[in-house]
1. Quick check: is even one residue across the stretch 59-71 touching a helix residue (DSSP H, G or I) at 6+ places or on another chain (Cβ under 7 Å) and assigned to a loop (DSSP other than H, G, I, E, B)?
2. Within the stretch 181-202, which residues are under 20 Å from the mean Cα position of the chain (by Cα) and in a loop (DSSP other than H, G, I, E, B)?
3. Name the residues in the stretch 38-52 that are closer than 21 Å to residue 183 by Cβ and touching a helix residue (DSSP H, G or I) at 6+ places or on another chain (Cβ under 8 Å), would you?
4. Suppose the filter is assigned to a strand (DSSP E or B), in contact with a helix residue (DSSP H, G or I) (Cβ under 6 Å, 6 or more places away or on another chain) and touching a residue at least 40 places away in the same chain (Cβ under 8 Å); does residue 34 pass it?
5. Considering (1) surrounded by 21 or more Cβ atoms within 10 Å (Cβ to Cβ); (2) under 14 Å from residue 6 (Cα atoms), say which one residue 131 fails and leave the rest.
6. Take the stretch 40-58 and flag every residue that is more than 15 Å from the chain's Cα centre (by Cα), assigned to a loop (DSSP other than H, G, I, E, B) and surrounded by 13 or more Cβ atoms within 10 Å (Cβ to Cβ).
7. Check off (1) touching a helix residue (DSSP H, G or I) at 6+ places or on another chain (Cβ under 9 Å); (2) modelled with pLDDT of 50 or more; (3) at positive phi for residue 194 and give me the number that stays unchecked.
């Protein structure tokens, strides 16, 4: 399964979600790799810190340049059960990461659930579904110590309703919980047994898999997807095939 994390303005939260999901895959007995396709390279730095701190188990990670995602995915897919991609909505690799993914996660606070101000993200997600009809999008509510208020969750649901086949995760990513284990460089909340952060990330990982399992196999993304040419459009032949 390919999971793409798309962060519009929360790169640190997106990276933390990607790191924890890759770690959760290992906890569930699955062979996973984390692909850092973001400009900040936060996951790459986390991986370096993890090695230096001798945190176990190791988490496989690769950094991907803007134009190299397609080839890297084609090379890695036969060897891993889960591939988690961390990317930004405006990056060169985001479109390809969404076209390849079965599930996309978008962390979102209620303040960011502004349809007019953040319509470009909606358009990018809907555009990706034109080429990948099986893509399922989960918006992950991000909160502080407490759950977002009902009106805040309603704003996130209204934003998610603008994206085809999108929903809102039941799991709320509480920022203080995600910081569990961060006192050790390279550690994440999922490394800390019985922590609230590990429990939240395990719940989110379960939601991702249930979302994937609910997608009819005929509609799931089939790899490989041809790399995008310089103009950002798929070849005409591929566009017709993608609608079938």
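1. Yes, that holds for at least one residue.
2. Within the stretch 181-202, 186, 187, 188 qualify.
3. 42, 43, 46
4. The answer is yes for residue 34.
5. (2)
6. Within the stretch 40-58, 40, 55 qualify.
7. Of everything listed in (1) touching a helix residue (DSSP H, G or I) at 6+ places or on another chain (Cβ under 9 Å); (2) modelled with pLDDT of 50 or more; (3) at positive phi, residue 194 misses just condition (1).
So that you can scan it fast, the table gives a plain yes or no per residue for (1) out of contact with any strand residue (DSSP E or B) (no Cβ under 7 Å at 6 or more places or on another chain); (2) on the phi < 0 side of the Ramachandran plot; (3) crowded, with 22+ Cβ neighbours inside 10 Å:
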{"site": "70", "(1), (2), (3)": "yes, yes, no"}
{"site": "80", "(1), (2), (3)": "no, yes, no"}
{"site": "95", "(1), (2), (3)": "yes, yes, no"}
{"site": "98", "(1), (2), (3)": "no, yes, yes"}
{"site": "101", "(1), (2), (3)": "no, yes, yes"}
{"site": "114", "(1), (2), (3)": "yes, yes, no"}
{"site": "122", "(1), (2), (3)": "yes, yes, no"}
{"site": "152", "(1), (2), (3)": "yes, yes, no"}
{"site": "162", "(1), (2), (3)": "yes, yes, no"}
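The values are calculated or read from the model by the stated rules, or taken from the named source; none is laboratory data. Note that the structure is predicted; figures quoted are calculated from it, not measured. Cβ sites come from the backbone with ideal geometry, for glycine too, and all protein chains shown count toward neighbours.
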